[in-house]
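Notes to accompany the following structure.
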Amino acid sequence: MYNNLLLFLSAIFLFAMDTVPARPLLPAWTSLLLTALGLALFDRLCQTLVRRSTLRGASGFFRAEKQTQILALIFYAGALHLCDAKFYLHKIPGGATVPALVSLAGLLFFLVFLALIWHRTRPHYNQVFDSHHSRRSFILSNIQTNLPIVLPWLVLSLTYDLALILPWPQLQEILKSTWGNVLFYGLFLLFILLVLPPLVRRLWQCTPLPEGLLKDQLTSFCARQNFSAKFYHWPLFEGKVVTAAVMGIIPGLRYILITPALIETLTLNELESVLAHEIGHVKHRHMLLYLLLIAGFSLFVGLAAEPLTYLLLSQDLFYSLMGQIDVSMEALLALFTSLPLFLSMLLYFRFCFGYFIRNFERQADLHVFTAMGSNSGLISAFEKIGMITGKRDEPSWHHFGIGQRIDYLKRCEQNPGLIKQHRNKLRLSLLIYVMVMGLGLGLTRQIPIDQLTRTYEEKYTAAILQKKLHQEPDKALWLRLAGDLLQHQKMEQKALTAYEQALALEPGNPALMNNLAWLLLTAENRELRSPHRALTLARSAATRAPQGFIFDTLATAYWANDLPAEAVSAEQQAMRADPVNAGYYKKQAIRFLSVSYADDLSSSQARPE
């Protein structure tokens, strides 16, 4: 289940971070054909991987499942970025109003890949677990098993989107506020605590443990531990996997799930030891801590995604790649923004989340000393499980190996101080986690968003213009815009060259003549200034386009040529053409009468345009 959690988190993350381009990379029929070919290739590769694993029993089945799941993520990411799957899914009815519907469609698209995996692994599954699933029942069974993983996310997304479109402005203001978000997530937590456990129990088709001696003994053991729960058979992998689990925090909605294979394999003392382990999870509030760890990462990504994205896009590497790689800027932008966050999610759950899960399991193991006073029953149960599974010494990212768990229990038997030491280690780890997350969130608030945004926008605009100039070198518009950007960046010689090239292509363009005239009047590099030529250009521009800012340029040109009366007259024309900015033009007129151009060779002032 932990592997499947990481699988679905990865798929959801890939879809969420993908952008919807203004235009698709490929026509619809081409994208559809390419998607179909990708699915066919993926199906063939799944068939090959499963065929290679059929001789290795259960371990081969799980190995093939893991390999094909990783392959599914790769093909899914390819379909999103190369076939513009999100662009076309975004067109579903209601998608623009309720974005969660688009996300649901994206998840259903990922289920197509998983369905192909289940189709190919079904014969192997039936052989290993002595089952008789049809193709349809096997796929439905897997969907039911995995639905609880994505159900909270679906409910949260849909509820939030629907609340935002309700005709209640006050509700929308509450949801957009900080305390409103806290309240919303608090209600969502109640959903997880109250609704999810019984729903999951039904989806997993668990059945009540029959009345009888075993149930009475387990219930009596729980009562001695001041613990209450309902017992259910868990038909995981046809009930042939030797395992148990606890689900739910509230006593009336708390369930102990036990597979039939576990009951058949273990003695009563061993079952009580396993039960003590599950009680340990509840006593130490591990399920609430799981929610804290997941919510912590979600909060961090939500607050850090924007500043970290701008920080990344402020780097020159992105724009150099944009010029070198022949892909759409939207696709490259999506890659640059989603890849770091996706990798951080994988690293977080693989190492940080995995670290806590492993140590929570160890703490639950150690609860057997409190519940039973001895670890012999749990060690005996582990030995049997290790022998049955053949994985006694094989650890995973979310559990210590069975051999490691046995060895630690024996060490704690000899040195009980290790139990307290482990509890203190976990408390310190959680404290460090909270401090690091708090520090990280604080640092994201210190990132200069406005400055990074300006840097990003300038570089992005420059890259777009560079690509446009490469594609259409004879179009004056791109040269003029490049000149405007270069002038803003104080690269005046390059701006002058761009304006001259544009003017050669469109000699009668008033905006172009005006901007070139302004550069010739206000350049910080005084060797580039040419008041006489600027006056000629400004006159021609004002004749063709009598606008306020062009009259202001003409006034500045008159002033630069020692014609203050004409400058004031031009500013009066600017006031009539653009009364909204009359105050600025009035100040300019006063300036022209009080200071000469030769005495005031400062750079240009900001002006309305």
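Things to note:
- Inter-centroid distance (Cα atoms) of the range 480-498 relative to the range 236-273, Å: 72 Å
- Along each principal axis, Cα extent of the range 133-257, largest first, Å: 59, 45, 19
- Sequentially through the range 418-425, phi angles give Karplus couplings (6.51, -1.76, 1.60; θ = phi - 60°) of 5, 5, 5, 4, 5, 4, 5, 4 Hz, Gly and Pro residues having no value and appearing as x.
- The spacing between the range 564-580 and the range 87-103, judged by their C-alpha centroids, is 52 Å.
- Orientation-averaged projected area, Cα convex hull of the range 90-192 (nm²): 8.6 nm²
- The chain: mean projected area of Cα convex hull, nm²: 36.4 nm²
- Protection-proxy order for peptides 479-488, 245-254, each taking the mean of Cβ atoms within 10 Å per residue, highest first: 479-488, 245-254
- The range 472-594: relative contact order as a whole-number percent, Cα under 8 Å and 6+ apart: 16 percent
- Per-residue HN-Hα couplings for the range 506-518 [Karplus 6.51, -1.76, 1.60; θ = phi - 60°; Hz; x = Gly/Pro]: 9, x, x, 6, x, 5, 5, 5, 4, 5, 5, 4, 4
- For the pair Tyr2 and Ala565 in one chain, pulling the backbone fully straight at 0.36 nm per residue adds 194.6 nm over the alpha carbon distance.
- Remark: the range 2-194 carries a charge dipole of roughly 700 debye about the Cα centre, counting +1 on each Lys and Arg Cβ and -1 on each Asp and Glu Cβ.
- For a straight C-alpha distance cut-off of 28 angstrom, the lysines reachable from Lys587 (same-chain residues fewer than eight places away being disregarded) are Lys490.
- Cα pair distances of the range 472-594 binned at 5 Å [whole percent]: 2, 13, 21, 22, 20, 14, 6, 1, 0, 0
- For the range 2-194, the residue among Phe191, Pro93, Tyr76 whose Cα projects farthest onto the positive side of the dipole built from Cβ charges is Tyr76.
- Computed per residue of the chain from DSSP H runs no shorter than four, each worth -39500 (n - 2.57), the mean residue ellipticity at 222 nm is -24500 deg cm²/dmol.
The numbers here are math on the coordinates, done by the rules we state, and not lab data. Just so we're clear, the structure is a prediction, and the values are computed from it rather than from any experiment. Note that we place each Cβ from the backbone using ideal geometry, even for glycine, and neighbour counts take in every protein chain shown.
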